[in-house]
1. Give me the residue from the stretch A:114-133 that is over 15 Å from residue A:80 (Cα atoms) and touching a residue at least 40 places away in the same chain (Cβ under 8 Å) and, out of that set, most open to solvent (accessible area, probe 1.4 Å).
2. Could you tell me whether the stretch B:97-105 includes any residue that is within 9 Å of chain A (Cβ to nearest Cβ), buried (at least 16 other Cβ atoms within 10 Å of the Cβ) and farther than 22 Å from residue B:190 by Cα?
3. So which of A:217, A:170 is modelled with pLDDT of 85 or more and either within 14 Å of chain B (Cβ to nearest Cβ) or open to solvent by 10 Å² or more (accessible area, probe 1.4 Å) (or both)?
4. Among (1) of a type in the set (S, T, N, Q); (2) closer than 28 Å to residue B:93 by Cβ; (3) open to solvent by 70 Å² or more (accessible area, probe 1.4 Å), where does residue B:222 come up short?
5. Which condition does residue B:103 not pass, out of (1) at pLDDT 95 or above; (2) in a helix (DSSP H, G or I); (3) within 19 Å of residue A:205 (Cα to Cα), if it passes all the others?
6. Tell me which residues, restricted to the stretch B:23-54, are open to solvent by 20 Å² or more (accessible area, probe 1.4 Å), touching a residue at least 60 places away in the same chain (Cβ under 8 Å) and assigned to a strand (DSSP E or B).
7. Would you tally the residues in the stretch B:55-77 being in contact (Cβ under 8 Å) with a residue 24 or more places away in the chain and within 12 Å of residue B:3 (Cα to Cα)?
8. In the list A:185, A:178, A:159, A:149, which residue meets the criterion of being in contact with a strand residue (DSSP E or B) (Cβ under 6 Å, 6 or more places away or on another chain) and either without any contact (Cβ under 8 Å) to a residue 40 or more places away in the chain or not basic (Lys, Arg) (or both)?
Amino acid sequence: MRPGSIIYFFREAGKSLKRNRLLSFATITTVAVCILILGFGVLFTINASNFMNHLESDVQIRAFLEQDLTASQISDIGRKIEAIPGVGSNKFISRDEALQQMQKDFGRREYDLKETLGKNPLPHTYMVKVKNPREVSQLAAKIKSMPGVYKVNYGQGTVEKLFKVTRWMRIIGIIFIVLLLVGAVFLIATTIRLAIFARRKEIYLMKLIGSTDWFIRWPFFLEGILLSSLGALISIGILAMAYGSLISKIDNLFFIQLVSDAGTIRNLYLVLLGTGAGLGVVGTWISLNRFLKV
Amino acid sequence: MLVQFYNVSKIYPNGAKALDDISIQIDRGEFVFLMGPSGAGKSTLVKMLFREELPTRGQIFLASRSVVRMKRSDVPKLRRNMGIVFQDFKLLERKTVAENVSFAMEVVGASSKDIRTRVPEVINMVGLKGKENSFPGELSGGEQQRVGIARALSNRPLLLIADEPTGNLDLNTSQEIMELLFDINRKGTTVIMASHARELVRAARKRVIMLQNGRVVDDSPNGESLL
């Protein structure tokens, strides 16, 4: 490609932008709206996924020990639990600690639990966190089979339901984003088609004079990338402001923790910008090819 | 031979038979009229020259290269060897005369130096000196067609194809345009012109290929069939 041609491409793209102000504006707006919706969709999905991760990682196994174990038997069980592959952390809670905790939960000092009950009815407990929450039921079964453990509790039934729900939520999130993308491509392609349609005579002429397809395409691509990047930047600006204020208002207010890690958010915005530019290219490609078949 | 058609037939997807077993040869430097009533197949034949249409059967060669078997990516090169003049001029309204001509050179990647010297040259050649900065809307029909011809000549084509170039012009203007085309032909460019302006063609005393219902019904070297 000659440098003269590159200058020509930019000049043509610039001229076309100036001439078709209304359509340029329409393209920018369309991309901005699409990316805005997409951005909110992705932010929602990321946060939902983050929330589900929290829920899932909260799942832990309580292993209740039999009453008459010696201290060495207890620590032996602890070691055995930790030796099971897939076990993350393991915390021992003695029956005294458990009672204190219970006492605290009731919250009234004058109400002495131990005195009321006569003796401490609570067992020693191991609180086991697993590396992969999905293995929780298998690990629980293994721990239960160990001598000295008389019962395990990990919210049987509820956990399985939770996983089913979170799995579906993730699938729905992905489908949602894919649908948004497809919709955005067609919306943008239609808008760009209008801009190209206005110049179909010129394209036909160029083809008959002997332009190559790429020579015709480049100015349109430049135009498409420029307009859709601009649209994406606008929507990212709006998104950043909206999400930023949401974080500052919601944070520490709810049990929901919004994803606010600067790196993740920045990457998201970069991806959205890239998606915007990409939508411009795909939209231009789809719209333009029809006019090049001469 | 510059142009060779061998047993070319064209049937459009809707079943219409536009050309039926056409064989034509045109030599370098010739001036050839394609004549015939509307629907005789002139436009289809012209479009095949620059490969806007492909034949259903048969072979077409341009300067010994098969137009039919040509790769899609070679089509631009084929078209750079020809200049096309249209009935409706197909000028870009928002470009000046000079820009309409330089546009044709830019889009095939001509150097800016070549463009600077060639554009005034062809504008001069078609007699539009002084109108370089006018817009098509400010010109008469004849002048607009001259711009179309200047544009077609800008890339120094081997072959000039004119599809009803006088179709939208009055008789006097048409004669001026014909003179211009004869002049271009005298300077060595092969010209193929589709027309149904019988008087104009008869006066020219050039080769006439008569089409009717997609077949060649007559091919006379000096237009004798029209006398």
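1. This residue is A:131.
2. Yes, the stretch B:97-105 contains a residue that is within 9 Å of chain A (Cβ to nearest Cβ), buried (at least 16 other Cβ atoms within 10 Å of the Cβ) and farther than 22 Å from residue B:190 by Cα.
3. A:217
4. (2)
5. (1)
6. Within the stretch B:23-54, just B:23 meets the criteria.
7. 6
8. The unique qualifying residue is A:149.
The values are calculated or read from the model by the stated rules, or taken from the named source; none is laboratory data. What you are looking at is a predicted structure, and each value in this text was computed from that prediction instead of being measured. No Cβ is skipped: glycine too gets one built from the backbone with ideal geometry, and neighbour counts run over all protein chains shown. Side chains included, ligands, DNA and RNA excluded: accessible areas come from the protein's heavy atoms. Shrake-Rupley method; radii C 1.70, N 1.55, O 1.52, S 1.80 Å.
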